[in-house]
Structure formats: structure tokens, C-alpha cells
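Have a look at the structure below before the remarks.
Computed from the coordinates by the stated procedures, all read-outs in this text should not be read as laboratory data. Please read these numbers as outputs of a predicted model, since none were measured by experiment. Counting neighbours? That spans all protein chains shown, and the Cβs are built from the backbone with ideal geometry, glycine included.
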Amino acid sequence: MPNIKPVSALKNYTSIVKEVTYGNRVYFTKNGHGQCALVDMAELDELDHQKALLQLMTKLAEAKISVKEDGTISADELEKELGV
């Protein structure tokens, strides 16, 4: 069950911070709409790692499609293109 509180509850932030654990975020609302959340640092680090991995996998998939559709160039062509 999500832990949802109004932003005004942040006045007593020390008790709210104690509620935050890995996998147990605290969501804050303002006028009934999501505003922000408190997340455990270890969970945030893991989310950042997963995001970076997903971005890498997406770029690799794009590159694989590009190689399949457009082919590759030789080392000489690459050097010429880079101006080496």
C-alpha cells in the first residue's frame, strides 16, 4: 500500500524520514495531485543504475539495427571521416 501524505506533512519531516525504507517510498501530494516523493538512497542508486543500463541497452539495440540496415565502414573510411 503506497504511503501518501500531503506536502504539509513535511512540517514534521523527521518522523516522515523514519518511514522511508528500501521499497517503502513516501509520496507527497499538493491539492490532491502528486508533487514529490522521498526514496531510500540505496533504492535511488539502484534505480539510477537500472536507468543507465536501459539507456545503454537501447543504444546497443539502435546500433545493431543500424549495422543491419546500413552496414559498416572500413577502418580507412573511418579514419578519413574523422580526419585522422
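Under the simplified labelling scheme, the Ile65-Thr14 pair shows an inter-label distance of 5.3 nm, with each label point 7 Å from Cα along Cα→Cβ. Geometric descriptor of the chain, per residue, is 200 Å³ (volume of the convex hull of the Cα atoms). Taking 0.36 nm per residue of sequence separation and subtracting the Cα-Cα distance, how much length would be gained by fully extending the chain between Asp40 and Lys80, in nm to one decimal? Stretched out fully, the Asp40 to Lys80 stretch lengthens by 9.4 nm.
For the range 42-82, dividing the convex hull volume of the Cα atoms by the residue count gives 77 Å³ per residue.
Rounded to the nearest 20, the Cβ-based charge dipole of the chain about its Cα centre (Lys and Arg +1, Asp and Glu -1) stands at 840 debye. Taking Cα atoms, how many degrees apart are the long axis of helix 41-70 and the longest axis of the chain, rounded to 10 and kept between 0 and 90? Tilt relative to the chain: about 30 degrees. Amide H contacts for Ile4 (H built 1.01 Å from N in the peptide plane; partners 5 or more residues away or on another chain; cut-off under 5 Å): Tyr27. In this rough spin-label picture, where each label sits 7 Å from Cα along the Cβ direction, the Lys30-Met1 distance is 2.7 nm. The alpha carbon centroids of the range 54-78 and the range 14-40 are separated by 41 Å. Phi angles across the range 5-22 convert, under the Karplus curve 6.51 cos²θ - 1.76 cosθ + 1.60 with θ = phi - 60°, into 3J(HN,Hα) values of 9, x, 4, 4, 5, 5, 4, 10, 5, 5, 6, 6, 4, 5, 7, 7, 9, 4 Hz, Gly and Pro given as x.
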